[in-house]
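All remarks here apply to the structure that follows.
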């Protein structure tokens, strides 16, 4: 669902930057004010932020095939992070993931970054948590069942909202090649399937963490300690295995957004879809051209491959491991900075 700059006008892109910046500012404010959700030097908080943010980055590299469609999807990860870190820390962690993807791997447009943060992070971190996961966890049904239901329903809802936002943002940008109704009818069903898969993957991870270290699952509010080191070690192994190995097995089918725009010539059912020319589509502006030039300079592993040698599978493995490491470091940096701000405020 990473939008390219060509899908947005500068005005719409700027509005989405403002909206995402406001949500980020609120998250920082809440973390500084709340004793319960502050970013601190906690012996558990920082490693959890680091390994889970890295896991989301690695997980987004794996596109899984949606059978019978010619499309594929990948996790967004917002609800997963929120379930373990709380909505505010999770949102900032998702921003770190998306910024690094954009700048270093040219995944998603720089001008469209504000929209991508809103579509892929805001709904999962806030809507999925406050409207689905949090209310559901107050019910008296079995904890594991609550995690499954909350994950599936939350991911489906937030993916649907994100997909519809893409259509709305594109339409408001005045891209006449994209009839609103037809775009909606392509985007919503395919992201329903993607949301279902993400929900099941999210619930599997949460159930594992809840079984091994219950106090880490924030939505459960358990005070039972478990084997924290073992949990983090297993998750770290998953990061390395997914980013460095399983990423090589990712589906070559276009993701939901690309599939809706350009179709897949290998599948007669979706040969055309919106029928756009992948080389010439959307809108161009001075802002998007400038953003593209910046990305060319900052992306040292464009499209998760070695520059000029995108056929070398080693480039994908290196991208997965390096990207996950960068995300983990940035996540720790956010935690350390938050803890320092909190201590400074208390001292004052």
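As a summary of the residue check, residue 286 satisfies the conditions (1) within 25 Å of the chain's Cα centre (by Cα); (2) surrounded by fewer than 20 Cβ atoms within 10 Å (Cβ to Cβ); (3) more than 17 Å from residue 65 (Cα to Cα) except for the one numbered (1).
Restricting 80, 98, 85 to residues that are under 15 Å from the mean Cα position of the chain (by Cα) and at pLDDT below 95 narrows the list to 85.
Of all positions in the stretch 334-342, none carries a residue that is within 22 Å of the chain's Cα centre (by Cα) and modelled with pLDDT of 95 or more. Return the residues of the stretch 31-50 that are surrounded by fewer than 24 Cβ atoms within 10 Å (Cβ to Cβ) and at pLDDT 90 or above; say none if nothing qualifies. Scanning the stretch 31-50 gives a single hit, 47. Listed conditions (1) assigned to a helix (DSSP H, G or I); (2) at pLDDT below 95 are all met by residue 140, apart from (1). Within the stretch 278-318, which residues are at positive phi and part of a loop (DSSP other than H, G, I, E, B)? Within the stretch 278-318, 282, 308 qualify.
The values are calculated or read from the model by the stated rules, or taken from the named source; none is laboratory data. On a predicted model such as this, the values are computed, not experimentally measured, just so you know. With ideal geometry, Cβ positions are generated from the backbone for all residues, glycine too; neighbour counts draw on all protein chains shown.
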